[in-house]
Amino acid sequence: MASVRLRNLNKIYPDGFHAVKDVNVDIADGEFVVLVGPSGCGKSTTLRMIAGLEEPSSGDLLIGDRRVNDLEPGERDIAMVFQNYALYPHMTVRQNMEFGLKMRRTPKAEITARVNEAAEMLSITHLLDRRPKEMSGGQRQRVALGRAIVRYPAAFLFDEPLSNLDAKLRVQMRTEIAGLHQRLRATMVYVTHDQVEAMTLGDRLVLMRDGVVQQIAPPLEVYHKPANRFVATFIGSPAMNLFEGAIHNGAFRLKDIASSPVPVGSELADGTAVLGVRPEDLVLGAPDHQNFVTGVVQVVELLGHEALLHVKIGSQLVVVRSAALNSAEPGATVALAVREGRVHVFAGDEVGRRLN
Amino acid sequence: MTSDTPQREPFLLTLGRHALLLAFVAISLWPVLDVLAISLRPGNRLRTTEFELFPRDATLASYRALFTEQPFLRWLGNSLLVSTAVTVTGVALASISGYAFSRFKFVGRQTMMVSILTTQMFPATMLLLPLYLMIAKLGLVNTFVGLVLFYVATALPFCVWQMKGFYDTIPHSLEEAARIDGCSPWNAFTKVVLPLAAPGLVITALFSFMSAWSEYLIAAQVLQDRELFTLPLGLKSFQSSMSTQWGLYAAASLLVSIPVVILFMLLSRYLVSGLTLGSVKE
Amino acid sequence: MPLQNSLPKLALALIALVTLGCARRDSGQQVVTLWHQMRPEDRAVLESRVEAFEAEHPGVDVRPLYKETEELRSGLESAVLVGHGPDLVYGPSDPLGVYQAIGALRDLSPYFEAAEQEAFDPVALIRLPAHKDPTKSQLVFVGDRFGNHLALIYNRKFVPKPPETTVELLEIAKQNTVDEDGDGRFERYGLAWNYTEPFFLVPFLTGHGGWLFKEPRPEGAAEVPTLDTPEIIAGLRYVASLKKAQVLPRSADYEAAAALFLAGKAAMLIDGDWSWQKYLSEPGLDAAIAVLPMVSETGKPLAPMVAPKGYSMSVAVSDARAPLVAEVVKFLTNEETQRAFLKQSILPSRLALRSDPAVVDDPTMQVSLAQVERGRLMPTATEQRAVWDAMRPHYQALMAGEMTPEAAAAAMQRDAVSKIATLTSRVEPDATAGLVKLLGGVLLAGLVYVNRRTLVDFARDWRRNRFAYILVLPALAVIFLTVIFPLAYNVLLSFSNMSLQNFRDWQIVGLHNYVSLLTGGESSRFWNVFGKTLLWTVINVSLHVAIGVLLAITLNGPVRGKSLYRILLIIPWAVPAYITALTWRGMFDDQFGAVNHLLASWGIGTINWLTQEGPAFAACIIANVWLGFPFMMMIALGGLQGIPKELYEAAAIDRVSRWNQFWHITLPMLKPVLLPAITLGAVWTFNNLNVVWLVSNGGEPSDKTHILVSYVYKAVFNLYQYGYGAALSMVIFAMLLTFSVLFLGRTKATEAVA
């Protein structure tokens, strides 16, 4: 086990595309870090640089205390699980799992022991003599995990390992990976575009966009204190509602629409800003409340244990999460209040840095 | 692959498959049976005016003469040696260079790929004179090395492209996995990618073999000694303007095709092995 | 896969074996190479005489080797250009003019004293003006026999007494042309011969008083053809009248005519001395030979061409070796050798042997001798080949009833004049010569400049992609080292005036060849053939791919016995194409071919496949499709293995029809594997000389079945226009290059999958 450190890592392709910009991440020994972001954000490239499959244009990569920039992938003591499993089709499951150890000239007896142990752990012992084409997708992904486990690597790298599985299997495998991490206590770097995976698996998340790291923090902190507008909307489902407006005297007012001021803290300077409120932090107004704004319900989505209300305010649609299933009918006019202390204030510029 | 898919085959479709295959088998064999008839005919008759599969006066004399009066076995040996050498060299060179063309974006890649094709675009008959001049100057007359070199050079462009095409169908993640498993780039290629390109290797091997096995023009320039003749040269020696020994020619032609068929039988297992199936899911 | 691991070892072992396999027997022996054109039947005699010579001359190794006409000439050309080639060539006398024109022959007279020469029939010794000094004459050829003369072979069952005049010939032929079952198709014909070659026409021309060239040859000038004289027209008219009287089969090439006679379906046959034994010894056939009849109107005999066959010494022989090589010639033309050949019914050139009992007592030899005495000596002039070329298509058209004798004669004469003019013309450097040289220099410099930038990139790229460069290097080296010289030589030649007239002293003359190719008198023909070639390529490749993919998909499904099917379907690819192409020609035979037989039995009606332009072209395509589909099938089979099954499963769940599965899954997934095969398949098909040449017998009917390469081959090699031919192949090259670049660019085939 070892830490993984990325120092000022850059990747510029020969065609000039700057895929990864100055990335700095410190991953502690045994930590589970998830790189998350929309497709094309550079998360996979970053992972592949760690693996040694891409050469960094500049910056340093450290695994443990070794600078690994110039090491072959095989010398970096890492294991990787691919989105498409990348099992060797011409080998049986056992051979697939043995391959990496054989390449490292591990003693035969140890290889067998490790393979059996990993197979046990993943309940794939009965599959050991099969070939990849004779297995289902879930089984293949288990084998791919097993192939990584037997190596006892310093770090595990996962490149969207679950995205080829159907929804049910995905949940199952997710828990399995989480369990694996708890059991192995290994350093894991996991790339996904799925925020649920990111939130549930990661000790810390690294949010990326256009090659730039937006925020590095534990999942709850990312959720509750998103560093900027992008992070705020990327994490959380349904996405956070954003209102454009301005701060005046420590209170936020909507632009162009009549609304009550929302106190955001007196330390914030006056000026344009964006107010972020998660759907669960917008509550349907009550007479005794200081209501923020009113709107017309357009659609009600009933999810069983809760309802999502799509409410039109001016020309904007906002989503309200309500525990009460019969709180409003489409067409009804509702007043919305903001849960106290649950507002996110972002700068009004392009980036939208968090202000509060 | 539809072999064991959930799609059930209607009876009519099965029937259609067999009908189609049988029709083409008939078309394939028909002229060859004619060659067989020529080889069995006494005298040197290419044509007859009768329709008969087996001549009434059929004789194996031509076959007998091939082995007793003609150095057929010697030619066979020479051809096997040359063709095997061409196959091994051709497959080795094509499999490695095709891999580079498929996987790496290096400077001049496209130019190189197109320019190796250009060597196939000159009508071969036009190049005979300079070819002979070169063979004579380099002292390659009557050497198998020279012959093998030329054959490899003529077979390579197709083989390189074919291998590149096959590698293109193999996902990159397999080599990446192998690299992470501790393989050098070379090992990742030979241990993981190459076995998966088996159908390509089979086609390349068969093609290289055939291009040497049946080649006449270059061989006639290089080999000037009957002892060193390859089969096509031997066959050609039964020919003569207006007085070809058709019986011998046809018999030898059929015998010449047997090793090709055997080779194909041996290799076709790999041609249809379907190894890449299920390895990855894109 | 243990195979991969043992590959390097296997390769090493093979290389060792190959190197050993060609270690020459280096015994300090003097080797004399002899390239000959003897019939297979005669080769054994030659070998035994060579052994006898070697027994008398220890330390000398004479190596006889059969070579075709073109190969023999290219060997001599090489002897001239680089001093490497055969020491001796043996063959008929007619190409001597060409050999002498390029300076390929050595004078044999120092080794044959006058007394020795007198023992030979004088026409068997051929002297030609020296290459360097035309006022001197050289002995360039010593004949050991006479041959190539045609005579009449008749089936005694039908023809008790051979005809003595052409009137009788027609009469007997008519009596023997019978339709026994009255179905409108004759079971037996009166007379047959190969009427695709004008060589077989010559007796009819000479019998009517005609000759190919004006006599005597004009001093210091080229031969003048006389193909439109009244005598020639009379000869053509007689031949046409035979055809019109329906005593000849509708179509007949050499093999077809022979087959008819052997099967008793032709009462009489005109064929050469090389073939007589075949007919005389055929069991169940009572054949006999007779001299060709007299022409009733002129009283002249139908006189065939006669040529001595013999030995010439090439300039590859050094002065030091010349006596030894001449010794071989002497031995192989001496009385004992010629006597050995008598058993083969070969007419000796030594006068003493003419009274040998083997000659006197053999009726065949007597007929042969009589026919030779009536015959006309085959000219050795270089113009002869141009005249054959000029005659062939119009003769074929005449026999197909598409031309009148007068029109055919006029066309023959016109073409002969123009071909001889081409043959004898000397091209001098023109204004573009300097331009070409300059442009060549500029181009080279430009290439270096462009590559300089690439080199810089390359150096930068080396570190990153060293592995890739190392992988491609060996293959590139092998490919380019072997082709660079022939290609460069060809490029140079295409701007040169290399021809029969300027064989050794050729020079860069500029764009002349290109200009005459694209705008000259033959250019419309060129574009016509080009169009046909495109059609040929497109149809062939489409059918190869379509059939190949269809069969591969069918074979890939759940079929019982698929491995057997697979092997049977690969057979057309495995059998040498030379014989199967000729078999296809036989199958397309108008009257006795299997194709027409089938068509007739299905009630479709028959087609004159080989004597009409469209059907002949179709026949070539059918044969070539047959030859080519197995290879495509094999590639498609291989390609199908790379397609994941899941794709079809998903498609089946989505209820995608089979057709759409094929169109949207199979085909796109096959693309990377099929593309190189299609591209190169198109290139190969475009340049596929053999099939067209063999099936159409060199462009029949009337040179209408040509694709560019066969056209080049015929146009160039028959008139020895090396420069022109090189230019044509450059044009073909440019066309194919353009096609490939466009096609590959379109299909993104060169892209690496990223």
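Odds and ends about this structure:
- Breaking point among (1) modelled with pLDDT of 85 or more; (2) more than 14 Å from every other protein chain (Cβ to nearest Cβ), for C:L471: (2)
- Test: B:L22 is more than 21 Å from B:A155 (Cβ to Cβ), at pLDDT 90 or above, part of a helix (DSSP H, G or I) and more than 7 Å from chain C (Cβ to nearest Cβ): yes
- Residue match in the stretch B:36-58 (condition: part of a helix (DSSP H, G or I) and either within 23 Å of the chain's Cα centre (by Cα) or at pLDDT below 80 (or both)): yes
- Pairs where the first residue, in the stretch C:702-713, is surrounded by fewer than 22 Cβ atoms within 10 Å (Cβ to Cβ) and the second is charged (D, E, K, R), C-beta under 7 Å, 6+ apart: C:K704/C:E613
- Subset of the stretch C:225-252 (residues that are of a type in the set (S, T, N, Q) and more than 14 Å from C:A410 (Cα to Cα)): C:S241, C:Q246, C:S251
- In the set C:L280, C:L269, C:L353, C:L285, only one residue is within 14 Å of another protein chain (Cβ to nearest Cβ), in contact (Cβ under 8 Å) with a residue 12 or more places away in the chain and over 30 Å from the mean Cα position of the chain (by Cα); that residue is C:L285.
- Exactly one residue out of C:R185, C:R145, C:R156, C:R127 is charged (D, E, K, R), farther than 24 Å from C:L280 by Cβ and in contact (Cβ under 8 Å) with a residue 24 or more places away in the chain: that is C:R185.
- Flag if A:N8 is among the polar types (S, T, N, Q), at positive phi and either away from chain B (no Cβ under 14 Å) or touching a residue at least 24 places away in the same chain (Cβ under 8 Å) (or both): yes
- Applying the condition of being assigned to a helix (DSSP H, G or I) and either touching a residue at least 24 places away in the same chain (Cβ under 8 Å) or within 7 Å of chain A (Cβ to nearest Cβ) (or both) to the stretch B:171-185 and asking which residue is farthest from the chain's Cα centre (by Cα) yields B:I180.
- Within the stretch A:213-254, the only residue that satisfies the criterion of being part of a loop (DSSP other than H, G, I, E, B), modelled with pLDDT under 90 and in contact with a Phe, Trp or Tyr (Cβ under 8 Å, 6 or more places away or on another chain) is A:G236.
- Highlighted here are the strands (runs of 3 or more DSSP E) found entirely within the stretch A:21-134 that include at least 3 residues which are within 14 Å of chain B (Cβ to nearest Cβ): A:78-81.
- Candidate set from the stretch B:141-163 (those that are more than 7 Å from every other protein chain (Cβ to nearest Cβ) and more than 14 Å from the chain's Cα centre (by Cα)); member that is surrounded by the fewest Cβ atoms within 10 Å (Cβ to Cβ): B:V141
- Close Cβ contacts (under 6 Å, 6 or more residues apart or on different chains) running from residues in the stretch B:142-170 that are assigned by TED's automatic domain parsing to the domain that holds B:Q224 to residues that are outside any helix (DSSP H, G or I) and of a type in the set (D, E, K, R) comprise B:N142/B:D225.
- From the options C:V442, C:V456, residue that is farther than 30 Å from C:F495 by Cβ and loosely packed, with under 14 Cβ neighbours inside 10 Å: C:V456
- When the residues of the stretch C:64-85 are filtered to those that are over 20 Å from C:F717 (Cα atoms) and in a loop (DSSP other than H, G, I, E, B), the one that is farthest from the other protein chains (Cβ to nearest Cβ) is C:G83.
- Here the stretch C:318-353 is the region considered, the condition is being basic (K, R) and not in a helix (DSSP H, G or I), and the residue that is surrounded by the most Cβ atoms within 10 Å (Cβ to Cβ) is C:R350.
- Listing of helices (runs of 4 or more DSSP H) fully contained in the stretch C:544-631 that carry 1 or more residues being basic (K, R) and more than 7 Å from chain B (Cβ to nearest Cβ): C:562-574, C:577-587
- Residue count, the stretch C:680-701 (criterion: among the hydroxyl-bearing types (S, T, Y) and crowded, with 23+ Cβ neighbours inside 10 Å): 1
- Contact annotation: residue pairs with Cβ atoms under 8 Å, 6 or more positions apart or on different chains, pairing a residue in the stretch A:203-220 that is within 14 Å of A:L47 (Cα to Cα) with a partner that is surrounded by 19 or more Cβ atoms within 10 Å (Cβ to Cβ) and of a type in the set (F, W, Y), are A:L207/A:F230; A:L207/A:F234.
- If you filter the stretch C:54-80 down to residues that are in contact with a Leu (Cβ under 8 Å, 6 or more places away or on another chain) and of a type in the set (V, I, T), you find that the one that is farthest from B:Q239 (Cα to Cα) is C:V60.
- Within the stretch C:391-408, residues that are within 20 Å of C:V247 (Cβ to Cβ) reach no partner that is buried (at least 24 other Cβ atoms within 10 Å of the Cβ) and of a type in the set (D, E, K, R) with beta carbons closer than 6 Å at six or more positions or on different chains.
- When B:G182, B:G108 are screened for being over 28 Å from B:L76 (Cα atoms), of a type in the set (G, A, S) and modelled with pLDDT under 85, only B:G108 passes.
- Filtered by the rule that a residue be without any contact (Cβ under 8 Å) to a residue 60 or more places away in the chain, crowded, with 19+ Cβ neighbours inside 10 Å and assigned to a strand (DSSP E or B), the stretch C:28-63 gives C:T33, C:W35, C:H36.
- Those helices (runs of 4 or more DSSP H) lying entirely in the stretch C:655-754 with at least 1 residues over 14 Å from the mean Cα position of the chain (by Cα) and under 15 Å from C:K532 (Cβ atoms): C:667-686, C:708-712, C:722-747
- The lone exception for B:M126 - which of (1) surrounded by fewer than 24 Cβ atoms within 10 Å (Cβ to Cβ); (2) modelled with pLDDT under 90 it fails: (1)
- Checklist (1) of a type outside the set (V, I, T); (2) under 28 Å from C:A623 (Cα atoms); (3) in the same structural domain as B:L196 (by TED's automatic domain parsing) applied to B:S28, failing item: (3)
- Restricting attention to the stretch C:390-421, the residues that are crowded, with 20+ Cβ neighbours inside 10 Å, closer than 27 Å to C:V98 by Cβ and out of contact with any His (no Cβ under 7 Å at 6 or more places or on another chain) add up to 13.
- Residue check, C:Y238 among the hydroxyl-bearing types (S, T, Y) and assigned to a strand (DSSP E or B): no
- Set side by side, the residues A:A198, A:A167 differ, and just one is free of Cβ contacts under 8 Å to residues at least 12 places away in the same chain, under 25 Å from B:S173 (Cα atoms) and of a type in the set (G, A, S), which is A:A167.
The values are calculated or read from the model by the stated rules, or taken from the named source; none is laboratory data. These numbers were taken from a predicted model, which means no experiment stands behind them. Quick reminder, even Gly has a Cβ in these numbers, built from the backbone with ideal geometry, and neighbours come from all protein chains shown.
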